[in-house]
Amino acid sequence: MALILIRAMNRKKALNGLADLERHANLTIVGKPKSISLDKIHDVTKRVIKQEPRNDIKVAVLVKVEEDTTVSIMNLRKIHPPVHVIVISEEYPEYKTLNNEYYNAKVFDGYYSAKNKSKKQDK
C-alpha cells in the first residue's frame, strides 16, 4: 500500500488528478481521499523534489492506494495529470507522520471512485 500526495492549484484540478490515478494510472484508491494542510506537507514536498515548492498550490490531498510504492511510481510516470503527484515511500521519515495524519484528516469531499461503480454493476 502506498501513500500518494496530490498538490493542486484548485479543487477541480485535485478531483481530476484523483480520477486520473484510477483511470489512467490504473491505481486503486483505498478508503477516501483526505484533505491535508499545506503547512504540514511543505517540508515533505521540499525534501522529495529537492527544491522549494511552488507557491500557487492551494489544495493538498493525501490518498492511499492498494498498489505498492514501486508499481505506483511506474504507473504514474506514464501519465500527465493536471496536479503535482508525490508517492511517499516507507523509506521517507515523514511516511509514518503522514500515515497518522491520514487517519486524523478531514475527508476530501467530491470524489467518487469510478471503479467502485463498475464493480457494483458487474455483480
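The values are calculated or read from the model by the stated rules, or taken from the named source; none is laboratory data. Computed from a prediction, not measured in an experiment: that's the story for all the values here. These accessible areas exclude ligands, DNA and RNA; they are computed on the full protein's heavy atoms, side chains included. Shrake-Rupley method; radii C 1.70, N 1.55, O 1.52, S 1.80 Å.
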Quiz item: Expressed as a rounded percentage, what relative contact order does the chain have, with Cα pairs under 8 Å and six or more residues apart?
Solution: 43
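Once you order the gyration tensor axes a ≥ b ≥ c over the Cα atoms, which shape class does the range 1-105 get: rounded for a/c under 1.5, otherwise prolate or oblate by comparing a/b with b/c?
rounded
Residues of the chain: accessible area per residue at 1.4 Å, in Å²? Walk me through the numbers on the way to the answer.
Values: 7500 Å² over 123 residues.
Computed with neighbouring chains in place, this is 61 Å² per residue.
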Quiz item: Counting pairs of alpha carbon atoms under 8 Å apart in space and at least six apart in sequence, what relative contact order in percent does the range 16-77 give?
Solution: 47
Quiz prompt | Accessible heavy-atom area order of Ser37, Ser113, highest first, probe of 1.4 Å | solution = Ser37, Ser113
Quiz item: Using a Gaussian network for the chain with springs between C-alpha atoms less than 10 Å apart, which of these wobbles most: Ile86, Ile49, Ile57?
Solution: Ile49
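Calculated from DSSP H runs of 4 or more alone, at -39500 (n - 2.57) each and per residue, what is the 222 nm mean residue ellipticity of the chain, nearest 500?
Rounded to the nearest 500, the figure is -13000 deg cm²/dmol.
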Quiz item: Anyone know which of Lys13, Lys106, Lys64 comes out most mobile in the 10 Å Cα GNM of the chain?
Solution: Lys106
Practice problem: Whenever you get a sec, compute what percent of the accessible area on the chain sits on carbon and sulfur atoms (1.4 Å probe). | Solution: 49
Exercise. Would you mind telling me which residue in Asn99, Asn26, Asn55 has the biggest mean-square fluctuation in a Gaussian network model of the chain, where springs connect alpha carbons within a distance under 10 angstrom?
Key: Asn55
